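Below you'll find the structure, written out as structure tokens, and then a few comments.
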Amino acid sequence: MASQTLVAFVVSNRGRAHELFQILLRQDEADDGVKIEDAVAAYKTDDGKIKIEQTTDATAGEGAFGG
């Protein structure tokens, strides 16, 4: 069984989260030792609500974050 690692990053805003995700996707494509199974971004809106964007939606089977 292959080992699995959970990695978390804290970034300053949604734009930086998207940039980081793009970097990680390129690494996933370039390195057979790296496999991204899922990615999630959680952030607080200006009105204080918590929003979550995820690459795969377990209920719908499609993603929202990577676009």
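Brief remarks follow.
- The relative contact order of the stretch 6-56 comes to 25 percent, based on Cα pairs under 8 Å that sit 6 or more residues apart.
- Prolate/oblate/rounded label for the stretch 6-56 (Cα gyration tensor, a/c 1.5): prolate
- If R0 equals 30 Å, the separation of the Cβ atoms of Ile50 and Thr5 corresponds to a calculated FRET efficiency of about 0.75.
Coordinate-derived values only; no laboratory data. This is a predicted model, so every value here is computed, not measured. Reconstructed Cβ throughout: ideal geometry from the backbone, glycine too, with neighbour counts over all protein chains shown.
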